[in-house]
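Engineer: Dropping the structure in here first, questions after.
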Amino acid sequence: METTNVKAYGAQSKEASLEQLNIVRREVTAKDIEIEILYCGVCHSDLHTARNDWGGTVYPAVPGHEIVGKITKVGSEVTKFKVGDTAAVGCMVDSCRTCESCQHDLEQYCMTGFTGTYNGRDKHLGKQTFGGYAEKVVVDEHFVLKVPENLDLAATAPLLCAGITTWSPLRHWKVTKGSNVAVIGLGGLGHMAIKLAKALGANVTLFSRSPEKKQDAFDLGADEIVISTDKSQMSGARGKFDLIIDTVPYIHDVNHYIPTLGINGTIVLVGYLGPLDPMLNTVPMIMGRKSVAGSLIGGIAETQEMLDFCGEHNITSEIEIIKMQDINEAYERMLKSDVHYRFVIDMASLKE
Ligand SMILES: [Zn+2]
Ligand SMILES: [Zn+2]
C-alpha cells in the first residue's frame, strides 16, 4: 500500500515528553479523504494514552481525536465531500460496518470494537492508528463529518469528543424543553453539557464543589448551581432531576447524587472508566425506579446531528489556543484543572 510521511507530535514511551516525529499515512484509497489538520482539541484521553495510564498504549503514540481541517484529496468513490471542504474527525476512524450496532448508526458500540483515531488498530497498514497531532490524516469518508460554515473552526474541534460525549446521553434520554438536567463537574465535558442541555430547552443545574464556579456556570447557561458538599443545598435538590450527566473523571461517590433524581431518573457516567467506590446502594434506585448508566461518545450520524445543531444554535467550546510545542505544559495544566475549558492546538505551529 502506498504511504506518505507526515510530520506529527507524539510520545516515544510512557515516561517521555511529546516531541516531533514522523509517521506514515496511507495514500487515499477509493473511499478515503485526506485532511490537512488546522486544529486539534486536547482531551484527557490524549494524556492518559500518551502516558499509558490505561495500559495498552503502542509507541510511538500520537494522540488527538478532536480534528478539524480542510480536505486536500478525495478518493475516486468519495461522494459526500470535495477538495477544499472543511471537515472534522472525532474519536473513530473505522468499524466493522456490518454488525447490529453499526447497522443502527451506533459505531461506537461496534460488536468487534471500533477503530480508535489513535492507538487503534489500523486495518489498512496493520499498525497502531495515529491521531490528530499531525499535519494530515487519511480517513474513510463514512467517518468524516461536515462542519457548519458559521462556526469558529478552532472552537469547533472539542465538539468532536467533549461535545458528542454529552450530546448522545441528552438525546438518548430525550431531553427537551422543560426537562430538568444536572451536570456534575465543570470541565471540558461539563461545560459542553451545560451549553447543549440549555440549547435543547432544559433547566440546567451544575453540581460543583467550588462556589467560585457560580458565575462561570451562569455565563455558560446554567440556571442554578448546587454546592455538592453543602448538605442543605443537596437536600433542597431531592427528587428534582430527570437526567444527571456525571463528567467526573476520577473515582467518586455516585450514591451522593442519586437522591436528587426524580422517579425514573437516570444518572449517566461519561467521564470515568473503572469500578466505583463506595459501591452503589440499590435502595434509592429501587425506591424510585432510578438508573445508573454509562455512555460512550456517539455514532457518526449522531455526531453530525450534534454539529448541525451547534451550527443552528451557534454553539462552540470555550477554548485556549496553544502551539503544538506547548503540549507538555498543557498536559500539566490539565492535571491541575487549569484550563477554561479546552486546549486546542493550532496545527500551523507544527510547521515552525
Ligand atoms: Zn476525547
Ligand atoms: Zn460493527
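The values are calculated or read from the model by the stated rules, or taken from the named source; none is laboratory data. The shown structure was predicted, so the numbers you read here are calculated from the model rather than taken from an experiment. Here the Cβ is made from the backbone with ideal geometry for all residues, glycine too, and neighbour counts use every protein chain on show.
Engineer: Which condition does residue 64 not pass, out of (1) within 16 Å of ligand 1 (Cβ to nearest atom); (2) on the phi > 0 side of the Ramachandran plot; (3) out of contact with any Phe, Trp or Tyr (no Cβ under 6 Å at 6 or more places or on another chain), if it passes all the others?
Structural biologist: All conditions are met except number (3).
Engineer: Within region 12-19, is even one residue within 21 Å of residue 352 (Cβ to Cβ), crowded, with 24+ Cβ neighbours inside 10 Å and at pLDDT 95 or above?
Structural biologist: Looking for residues that are within 21 Å of residue 352 (Cβ to Cβ), crowded, with 24+ Cβ neighbours inside 10 Å and at pLDDT 95 or above, one finds at least one in region 12-19, hence yes.
Engineer: Restricting to region 101-123, give me the number of residues that are within 16 Å of ligand 2 (Cβ to nearest atom), closer than 22 Å to residue 4 by Cβ and assigned to a loop (DSSP other than H, G, I, E, B).
Structural biologist: Going through region 101-123 one residue at a time, the tally reaches 2.
Engineer: List the residue pairs whose Cβ atoms are under 6 Å apart, where the first residue sits in region 283-297 and is part of a helix (DSSP H, G or I), the second is more than 16 Å from ligand 2 (Cβ to nearest atom), and the two are 6 or more positions apart or on different chains.
Structural biologist: 284/258; 284/259
Here's the yes/no breakdown for (1) away from ligand 1 (no atom under 16 Å from the Cβ); (2) over 15 Å from residue 302 (Cα atoms):
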| position | (1), (2) |
| --- | --- |
| 89 | no, no |
| 104 | yes, no |
| 121 | yes, yes |
| 128 | yes, yes |
| 156 | no, yes |
| 163 | no, no |
| 167 | no, no |
